[in-house]
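Derivation of every value follows stated rules applied to the coordinates shown; laboratory data play no part. Note that the structure is a prediction, hence the values are computed from the model and not measured. Glycine gets a Cβ as well: all are built from the backbone with ideal geometry, and neighbour counts include every protein chain shown.
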Amino acid sequence: MRLFSHQGKQLAFAFAASVISVSALAQNWPTGNVTVVVPWPPGGPSDIAARPLSKGLTQNLGQSFVIDNRAGGGGNIGTAAVTRAAGDGQTLLVTSSAPIVINPSLYKKLPFDPLKDLAPVTNLLRAPLVLVAHPSVPAKNLKELMAHIQSKGGQFSYASSGNGTPQHLTGELFASAAKLQMTHVPYKGSAPAISDLLGGHIPMMFDSTIAIMPHIKSGKVKPIAVSGSKRSPLLPDVPTFAEAGLPAIESYAWYGLFAPAKTPKNVIAKINAEAQKVMKSPEFQKVLTDTGTEYVGDTPENFGKFVQAESLKWSKVVKDSGATVD
């Protein structure tokens, strides 16, 4: 009986020590420089979220938040690296939605399970996609564009920034909803896809307002519809797909902040609170305004529910389209 009592005290002390340790970790976070992994090349849309966030956290917390661009594998390489990192809040992930809610359905084998191996911290921002066409395409609106695509008898192509990206799968969603036959042409990023669109080598593509707005403003491409639930303030004269007759098309390029799943909840809460402060700052709000993106800061719990819903949505689109990269 005395032995049991002694063991019980040891367990109690161990539990108390672990609670104190976790509490101290949250209170003292960050304890040094923080690595912010972006699983895409430098200069990509994810940097729109990652760079002002990292700059604001550095200024507010007195520790450097250093961006580490680890591109490759459709975002899988950098994302996998974060899942293997220590759960101390010193390694974070800022990424677009693809490796979190699309790649698990698109790749037959992944070295991680984003729903199990990552802890959602907060959604950072979202941007509606814009369906744009080369000026040579004889269509002024969505109805005329669909009629033009149908007249091609399956000989119509659209570009995207890569297999499994929101741009690609929104194109598949469009084809399914409008009962169109189109050939998907994937590129290695938005820049080369846009280059071929501007050159008239490809007639159409979906892209985020972040990437395509300069070319819309210059008149080098014409916007047909936006995929958000409401019109973009940058494109007030361009209808949503719902307004144009296809309510099934609602899609965003969103960018979120994640930590390794083993990160304690109170540390996640601290990171969330500090990120929210930055996101509400005038500097971050200016980024949103300049890029036509929306503020979507949230609690870790609500963001987790959103990620699960997005995973179900896009897994169905992947399955219905037959898309794969393996």
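Within 10 Å of each candidate Cβ there may be at most 11 other Cβ atoms; applying that plus a DSSP loop requirement, which trypsin sites (Lys or Arg not before Pro) in region 207-261 survive? Write out the running numbers ahead of the final one.
Working: sites: 217, 220, 230, 231; in loops: 220, 230, 231.
Of the trypsin sites (Lys or Arg not before Pro), the ones in loops of region 207-261 whose Cβ has at most 11 other Cβ atoms within 10 Å are 230.
In what sequence do 132, 325 fall when counting other Cβ within 10 Å, fewest first? Provide the component values of the computation, followed by the final result.
Details: 132 23, 325 13.
So the residues, fewest neighbours to most, are 325, 132.
Take residue 181 and residue 295, extend 7 Å from each Cα along the Cα→Cβ direction, and tell me the distance between the two endpoints in nm.
4.9
For residue 118, enumerate residues with amide H under 5 Å from its amide H, sequence gap 5+ or separate chain, H modeled in the peptide plane.
261
Thinking of region 128-226 as a set of Cα atoms, what percent of all their pairs are more than 17 Å apart? Mind showing how you got there, number by number?
Numbers: 2070 of 4851 pairs.
The calculated P(r) of region 128-226 puts 43 percent of pairs beyond 17 Å.
Stretch residue 116-residue 312 to full length: gain in nm at 0.36 nm per residue minus the Cα-Cα span?
Numbers: separation 196, 0.36 × 196 = 70.56 nm, distance 1.48 nm.
Length gained, residue 116 through residue 312: 69.1 nm.
Want the number for residue 220 to residue 71: 0.36 nm per residue separation, take away the alpha-carbon distance, what's left? Don't skip to the answer; put the middle values down first.
On the way: separation 149, 0.36 × 149 = 53.64 nm, distance 2.94 nm.
Gain on stretching residue 220 to residue 71: 50.7 nm.
Taking region 136-205, which trypsin sites (Lys or Arg not before Pro) meet the DSSP loop condition and have no more than 16 other C-beta atoms within 10 Å?
On the way: sites: 140, 143, 152, 179, 188; in loops: 140, 152, 179, 188.
Those satisfying the criteria are 140, 152, 179, 188.
Which values, in whole Å and largest first, are the semi-axes of the equivalent ellipsoid of the chain obtained as the square root of 5 times each eigenvalue of the Cα gyration tensor? Can you show the working numbers first?
Numbers: eigenvalues 351, 88, 51 Å².
Semi-axes (√(5λ), whole Å): 42, 21, 16.
Using r as the Cβ-Cβ distance of residue 136 and residue 31, and R0 as 56 Å, what FRET efficiency do you calculate, to the nearest 0.05?
On the way: r = 57 Å, r/R0 = 1.02.
Once rounded, the FRET efficiency stands at 0.45.
What is the Cα centroid distance between region 192-207 and region 62-116, reported in whole angstrom?
29
Taking amide H atoms as placed 1.01 Å from N in the peptide plane, list the residues 5 or more away in sequence, or in a different chain, whose amide H sits under 5 Å from that of residue 160.
Answer set, sorted by chain and number: 185, 187.
With all pairs of different alpha carbon atoms counted, what Kirkwood hydrodynamic radius in Å does region 237-326 show? If you can, show how the numbers build up before the last one.
Values: mean 1/r = 0.0619 Å⁻¹.
Here the Kirkwood hydrodynamic radius works out to 16.1 Å.
Normalising by the residue count of the chain, find the relative contact order in percent from Cα pairs under 8 Å and 6+ residues apart. Let's see the in-between values first.
Details: 622 pairs, mean separation 85.4, N = 326.
Relative contact order comes out at 26 percent.
Let me have the relative contact order for region 128-226, percent, based on Cα pairs under 8 Å that are six or more residues apart.
Details: 174 pairs, mean separation 45.4, N = 99.
RCO, region 128-226: 46 percent.
As a test of the formula, what do you get for the chain when each DSSP H run with n ≥ 4 contributes -39,500 (n - 2.57) and the sum is divided by the residue count, at 222 nm and rounded to the nearest 500 deg cm²/dmol? List each step's numbers first, then the result.
Numbers: 12 runs with 147 residues, N = 326.
Theoretical 222 nm ellipticity from helices: -14000 deg cm²/dmol.
In region 136-265, how many lysine pairs have Cα atoms under 26 Å apart, counting only pairs 8 or more places apart or on different chains?
Pairs that pass both the separation and distance tests number 23.
Between residue 129 and residues 5 or more places away or on another chain, which pairs have amide H atoms under 5 Å apart, with H built 1.01 Å from N, and which residues are they?
227, 228, 251, 253
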